[in-house]
1. List pairs: first in the stretch B:228-247 and within 8 Å of another protein chain (Cβ to nearest Cβ), second among the polar types (S, T, N, Q), Cβ under 7 Å, 6+ apart or cross-chain?
2. Any residue that is under 20 Å from B:ASN219 (Cα atoms), within 22 Å of the chain's Cα centre (by Cα) and not small (Gly, Ala, Ser) - is there at least one of those in the stretch B:159-168?
3. Residues in the stretch B:169-198 that are part of a loop (DSSP other than H, G, I, E, B), at pLDDT 95 or above and touching a Ser or Thr at 6+ places or on another chain (Cβ under 9 Å): how many?
4. Tell me, please, whether a residue that is surrounded by fewer than 20 Cβ atoms within 10 Å (Cβ to Cβ), outside any helix (DSSP H, G or I), more than 9 Å from chain A (Cβ to nearest Cβ) and on the phi > 0 side of the Ramachandran plot can be found in the stretch B:215-226.
5. Just need a number here: residues in the stretch A:113-149 that are in a helix (DSSP H, G or I) and closer than 30 Å to A:LYS90 by Cα.
6. Considering (1) of a type in the set (Val, Ile, Thr); (2) out of contact with any Cys (no Cβ under 8 Å at 6 or more places or on another chain); (3) modelled with pLDDT of 95 or more, say which one B:VAL132 fails and leave the rest.
7. Yes or no: B:THR81 more than 14 Å from every other protein chain (Cβ to nearest Cβ), among the polar types (S, T, N, Q) and either within 14 Å of B:MET178 (Cβ to Cβ) or in contact (Cβ under 8 Å) with a residue 12 or more places away in the chain (or both)?
8. Could you say whether any residue in the stretch A:160-171 is part of a helix (DSSP H, G or I), within 14 Å of chain B (Cβ to nearest Cβ) and either at pLDDT 95 or above or in contact with a Lys or Arg (Cβ under 9 Å, 6 or more places away or on another chain) (or both)?
Amino acid sequence: MGGTPTDIKLIDANGRRIDGRMPDELRPLKIEAGVLKRADGSAYVEWGHNKVLAAVYGPRECHPRHAQDPTRALVQCHYNMAAFSVDDRKRPGPDRRSQEISKIISEALTNVVFTEYFPRASIDVYIEVIQANAGTRCAGLTAASVALADAGIPMRDLVASCAAGKAADTVILDLGKEEDNFGQADIPVGYVPRTDEIVLLQMDGDLTIDEYKKGLGMALEACKKVYEIQRDALRRRYHARATEVPAEEPVQAQQEGA
Amino acid sequence: MSKDIMADLKRDHIVKLLSKGVRPDGRKFDERRPLTIQTNYIRSAEGSARVQLGDTDVIVGVKMMVGAPFADTPNTGVLTTNAELIPMASETFESGPPDPESIEIARVVDRGIREGHAVDMTKLCIEPGKEVWIMFLDVHVVDYDGNLFDACNIGANAALKTAVVPAKRAGKGEDFPMPVQHTPISLTAVKIGEHILVDPTHDEERVADARLTVTILENGNLCAMQKGLNGSFRADEVFKVIDLSTRLGADVRSRI
């Protein structure tokens with residue numbers, strides 16, 4: 001949140017950022033679907049130095065019961081940071097920041113899930129940040145929608161997410177840790193590319209309206225790139241599944257042969 | 001359960017009205033409800049305001065305490081914002097630890113005040129690295145008819161403007177007025193179907209698809225934003241809400 005003045009040079013004379021990126025360049029992003037065994041669906045996202053896991057359980061019985069909705073399923077997201085994920089140890093358990101992030105990610109995901117197919121049920125999404133380096137809510141939302149798809153939850157589309165912001169008086173994409181700490185503004189965005197809808201939107205810092213428009217435009221373009229990487233992760237996952245030898249049949253065949 | 005059915009019934013009714021260009025209470029889509037602000041409302045607080053926005057009624061109090069700064073900001077005071085949605089205000093509010101709804105309200109109000117640099121926090125430093133003023137911004141909602149975000153933001157700004165830092169009581173020199181330097185004003189709009197309405201009532205909020213709060217400074221710059229609810233916005237709708245916030249915020253600011 002916000003920026004504090006610093007001597008660190010966030011953008012050099014050549015317009016390069018502290019990690020060598022150009023203003024509109026994403027950090028390296030790697031997504032893998034189906035990384036956990038027990039969960040109904042899962043995903044792993046490595047985004048710059050962020051490492052985030054997402055797991056989906058459900059649709060299953062909704063707890064607490066009084067939260068059940070007789071007309072649709074609830075998408076309940078739990079965003080959590082590991083104690084060791086940041087430089088100064090984070091006290092375990094939910095804090096106000098994580099509760100707010102859980103709420104807005106739940107809302108963003110609810111938008112794309114066909115919740116009316118599963119009345120009274122709960123679709124639980126667990127996001128664990130195991131290494132944090134700015135932009136964890138975007139990485140978490142990106143991972144969570146891949147995990148939902150991996151769990152076979154019917155969805156209108158994936159939600160792709162990315163932030164833009166401002167540092168050293170320049171509008172930049174996908175803020176790194178120094179840019180987040182010492183920058184001037186941050187705009188996290190969650191976007192549904194197929195329908196051109198913004199489902200998560202926050203902003204803090206100081207921006208003129210023109211800078212804001214430029215930043216939002218950059219973030220939306222980046223979301224489209226993130227979206228392709230998400231889709232690719234799912235394609236790889238299901239290609240692997242399709243070519244796997246089915247587990248049940250060979251065992252039976254052996255027994256018959258014996 | 002019964003409330004959900006009521007919301008569904010009301011939704012049809014409200015959508016029908018909106019398609020004729022009318023809101024349930026007769027307002028225009030870009031019209032705020034009547035606003036009254038009473039400052040210095042609570043004697044025991046260092047600064048306070050009672051804000052009535054239509055039938056929404058909130059009391060904001062500022063309390064100051066001497067404490068230790070955060071290690072990474074040794075020269076600035078500390079801001080802590082909390083919102084209490086007490087059962088008195090609505091049948092849907094429960095007592096107990098803050099739920100996600102009140103946390104979101106507190107954090108969005110906090111973000112506006114903090115990111116808008118409403119208070120010069122460096123002037124709340126007593127001894128660098130050792131002692132600073134901790135500023136508690138407590139919001140008490142006593143009557144709920146929607147749009148707590150803006151009512152609380154207005155209350156926070158008004159309470160800060162009238163606050164006095166109780167230095168004498170704490171043995172830290174003479175009392176001084178709160179070093180307020182900016183007035184970040186938020187405007188909240190909801191989307192119902194294709195319609196964008198500012199300052200929603202409880203009924204409008206309950207049937208809304210999406211909500212957007214935009215906080216703007218006196219120089220026209222943006223300092224905070226929060227989208228809520230399950231629905232979505234297109235980029236042009238976001239820009240429309242920014243326009244509305246710029247336009248309506250100036251009037252609110254002149255009242256504080």
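The values are calculated or read from the model by the stated rules, or taken from the named source; none is laboratory data. Since this is a predicted model, take the numbers as computed values, not measurements. Quick reminder, even Gly has a Cβ in these numbers, built from the backbone with ideal geometry, and neighbours come from all protein chains shown.
1. From residues that are within 8 Å of another protein chain (Cβ to nearest Cβ), the pairs are B:ASN230/A:THR110; B:ASN230/A:ASN111; B:GLY231/A:ASN111; B:SER232/A:ASN111.
2. Pass one, the stretch B:159-168, residues under 20 Å from B:ASN219 (Cα atoms): B:160-161.
Imposing the further condition that a residue be within 22 Å of the chain's Cα centre (by Cα) reduces the set to B:160-161.
If we keep only those that are not small (Gly, Ala, Ser) as well, we get B:160-161.
Checked the stretch B:159-168: at least one residue is under 20 Å from B:ASN219 (Cα atoms), within 22 Å of the chain's Cα centre (by Cα) and not small (Gly, Ala, Ser).
3. 3
4. Within the stretch B:215-226, none of the residues are surrounded by fewer than 20 Cβ atoms within 10 Å (Cβ to Cβ), outside any helix (DSSP H, G or I), more than 9 Å from chain A (Cβ to nearest Cβ) and on the phi > 0 side of the Ramachandran plot.
5. Of the residues in that region, 13 qualify.
6. It fails just one condition, (2).
7. Details: more than 14 Å from every other protein chain (Cβ to nearest Cβ): no; among the polar types (S, T, N, Q): yes; either within 14 Å of B:MET178 (Cβ to Cβ) or in contact (Cβ under 8 Å) with a residue 12 or more places away in the chain (or both): yes.
Answer is no for this residue.
8. From the stretch A:160-171, those part of a helix (DSSP H, G or I) are none; that's our starting set.
No, that holds for no residue.
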